[in-house]
Amino acid sequence: MHTLIQVIIDGVILGGFYALMAQGLSLIFGIMRVINLAHGEFLILGAYMAWVAQEYLGLDVLMTLPLLIALGFGFGWVVSRVVIMPVLERHELMPLLITFGLASVIAGLLTVTFTTTPKVTTAAYSDSVISLLDYRVSVSKAVMLVAALVLLTMLTLFLNRTKKGKAMKATAQNREAARIVGINVTRMYCSAFGLGTAVAFAAGGLFSVTQGFHPFMGGLFTLKAFVIVVLGGGGRVSGTLAAAMFVGIIEAGLSGYVSNIGTSLGTAAAFVLVVVVLALRPEGISRLGGVRA
């Protein structure tokens, strides 16, 4: 019983990170209908920025988060405006191929700049552990979970309560109708891509404190984010959170009960889940149990 509860705690923490990680990809896909294959590399880029800020400026990751979000939004906006928008109306594979190439370029540049030696962003609480009734939680992971949930809540409020957020949702629902009522569709698309990138940068910064990272981890994060987006129904913050918790608990369970190969098996299990869920419930798990956007 003790192991089960510890697995659930670890799974919820992992799921919180996965939810933030995947929401950026979900947002871009939900509004632009573009699958960003460089999403994982964006996350790793954010992790390296957090490491640089701590290593050379002495800034804690929580202090760096606003800067990461701003830089991520600006970077995403430029990428969208310069390389995505010109090919958005062409063959549907064009944005896919361009983001795949961008992922390779980013990984290569990070390798040249930082080498492949794993880095870890340190913080005052990096080695601290919370113990409660015999259950142990790393403080850095607890901080990651709380920060991820706060950012997801802020994103939900932005999309549902602000004029720009509602314009993004309207553009996602019907691009032509949005254009007719005066919404600048190009601006909304660039803003969506920028916001999705900002979320990825923030997720990378939070992740960088919990474990080591290197330039070639991005591909795995992209695949996991894609799995969660598919399971969550695409575009829904609530669906993404539910799917991320689902995947996180399963991975934590396999890691806890299957020694040595638990983590790798958890990754494989996530892809098996996609096949099973889509076969039984094509719209994803976001509507199970009354989960709504």
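Listed by chain and number, the aspartates and glutamates placed with their C-alpha closer than 17 angstrom to that of K141 are D10, D60, D127, E251; residues fewer than eight positions away on the same chain are left out. Taken as Cα centroids, segment 137-151 and segment 177-221 sit 19 Å apart, rounded to the nearest whole angstrom. Comparing L27, L151, L43 in a Gaussian network model of the chain (Cα springs below 10 Å), the most mobile by mean-square fluctuation is L151.
The value for segment 154-213 of Rg(Cα) / (2.2 N^0.38 Å) is 1.41. Paramagnetic label reach from V181 (point 7 Å along Cα→Cβ; backbone nitrogen cut-off under 17 Å): within segment 21-35, residues 31. Can you work out the FRET efficiency for the pair A268 and T117, with r the C-beta to C-beta distance and R0 = 25 Å, to the nearest 0.05? It comes to 0.35.
Only helical DSSP H runs with n ≥ 4 go in: add -39500 (n - 2.57) per run for the chain, normalise by residue count and round the 222 nm mean residue ellipticity to 500 deg cm²/dmol.
Numbers: 11 runs with 209 residues, N = 293.
Result for the chain: -24500 deg cm²/dmol, rounded to the nearest 500.
Starting from 0.36 nm per residue, how many nanometres of slack lie between V78 and V12 once their C-alpha separation is accounted for? Write out the running numbers ahead of the final one.
On the way: separation 66, 0.36 × 66 = 23.76 nm, distance 3.42 nm.
Extra length from V78 to V12 when fully extended: 20.3 nm.
Sorting the segments 91-99, 65-73, 47-55, 240-248 by their residues' average number of neighbouring beta-carbon atoms within 10 angstrom, most packed first, yields 240-248, 47-55, 65-73, 91-99. Using a simple spin-label model with pseudo-atoms 7 Å out from Cα toward Cβ, L220 and V276 lie 2.2 nm apart. In this calculation the C-beta distance from Y56 to V87 is compared with R0 = 51 Å, giving a FRET efficiency of 0.85.
Coordinate-derived values only; no laboratory data. Bear in mind that the values here come from a model prediction, so they are computed numbers and not experimental data. Cβ coordinates were reconstructed from backbone atoms using ideal geometry, including for glycine residues, and neighbour counts include every protein chain displayed.
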